[in-house]
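*Asks:* Pasting in a structure now, in structure tokens, and then I'll have a few things to ask.
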Amino acid sequence: MKGLIPAVFYGPGKSPTNLAVSPESLAKVLSGAYGRNQLVELDIAGTKELALVRDLEVEPVTRELLHADFYSVSKEREVRARVPFTTKGRALGVQKGGKLRVVYRDLPVVGTPDKIPASIEIDVSALDTAQSYRVKEVAMPAGVRIDFPAERVVASIESKEKEAPEEGAEGGAPAAAAAAPAAAAKAAPAKDDKKKK
């Protein structure tokens, strides 16, 4: 259909369904604080379906949206997601001449889709030279956990002489293959949008 882009809806217990969605509406959803972790409501032939954006195809030069994959979710079923990880405060060790090393730009989490936070932030103000912040010390919303070992270091203070490259984020889920009758769908944030805490 004119002005729409192809998409596919799939997931546990769902037959893959080809869709046509508004790129403007989809871009608006993705531009919010939650990004791809925004819980959205799809209207598929009059049936409401909850989903998360699992994969996107973007034109490399214009950054135009070309295709999207929507993964079916339920508020009773856990999903895996990657959440931006940031720090705040000026670390004590930095004030003494050390260097703050943030190991990850985002963290893998597991939880129900309506509980996934927009971001994870830690206060590093009290972190001194040679000290580190571990997964077990990161406060998370009830029902959500970081999918890393408890002792994994996420941030540390090192001396100026010792530097290490940051680890990048992992790629998203693979695109779904689908071959089903096309249907028009509207993508919009779910009515009970998560609120920033």
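The values are calculated or read from the model by the stated rules, or taken from the named source; none is laboratory data. Model, not experiment: these values are computed from the prediction. Note: ideal-geometry Cβ built from the backbone for every residue, glycine included; neighbour counts use all protein chains shown.
*Asks:* Tell me, please, whether a residue that is among the polar types (S, T, N, Q), more than 16 Å from the chain's Cα centre (by Cα) and crowded, with 17+ Cβ neighbours inside 10 Å can be found in region 44-59.
*Replies:* no
*Asks:* Also, I was wondering about something else. Please go through region 103-132 and give me each residue that is surrounded by 14 or more Cβ atoms within 10 Å (Cβ to Cβ) and touching a residue at least 40 places away in the same chain (Cβ under 8 Å), ordered by number.
*Replies:* Within region 103-132, VAL103, TYR104, ASP106, LEU107, PRO108, PRO113, ASP114, LYS115, ILE116, PRO117, ALA118, SER119 meet the criteria.
*Asks:* Collect the residues in region 69-97 that are basic (Lys, Arg) and over 17 Å from the mean Cα position of the chain (by Cα), keeping them in residue-number order.
*Replies:* Once the filter is applied, which keeps residues that are basic (Lys, Arg) and over 17 Å from the mean Cα position of the chain (by Cα), region 69-97 yields LYS88, ARG90, LYS96.
*Asks:* Still on this structure, I have one more. For region 6-15, what are the residues that are at pLDDT 95 or above and either assigned to a loop (DSSP other than H, G, I, E, B) or more than 17 Å from VAL79 (Cβ to Cβ) (or both)?
*Replies:* Scanning region 6-15 gives PRO6, ALA7, VAL8.
*Asks:* Hey, another quick one. Would you pick out the residues in region 80-100 that are buried (at least 20 other Cβ atoms within 10 Å of the Cβ) and either closer than 21 Å to LYS48 by Cβ or out of contact with any helix residue (DSSP H, G or I) (no Cβ under 6 Å at 6 or more places or on another chain) (or both)?
*Replies:* The answer is ARG82, VAL83, PHE85, ALA91, GLY93, GLY98.
*Asks:* Hey, can you tell me all the residues within region 1-55 that are among the basic types (Lys, Arg) and in contact with a strand residue (DSSP E or B) (Cβ under 6 Å, 6 or more places away or on another chain)?
*Replies:* LYS14, ARG36, LYS48, ARG54
*Asks:* Out of region 19-34, which residues are over 15 Å from the mean Cα position of the chain (by Cα) and not in a helix (DSSP H, G or I)?
*Replies:* Within region 19-34, LEU19, ALA20, VAL21, SER22 qualify.
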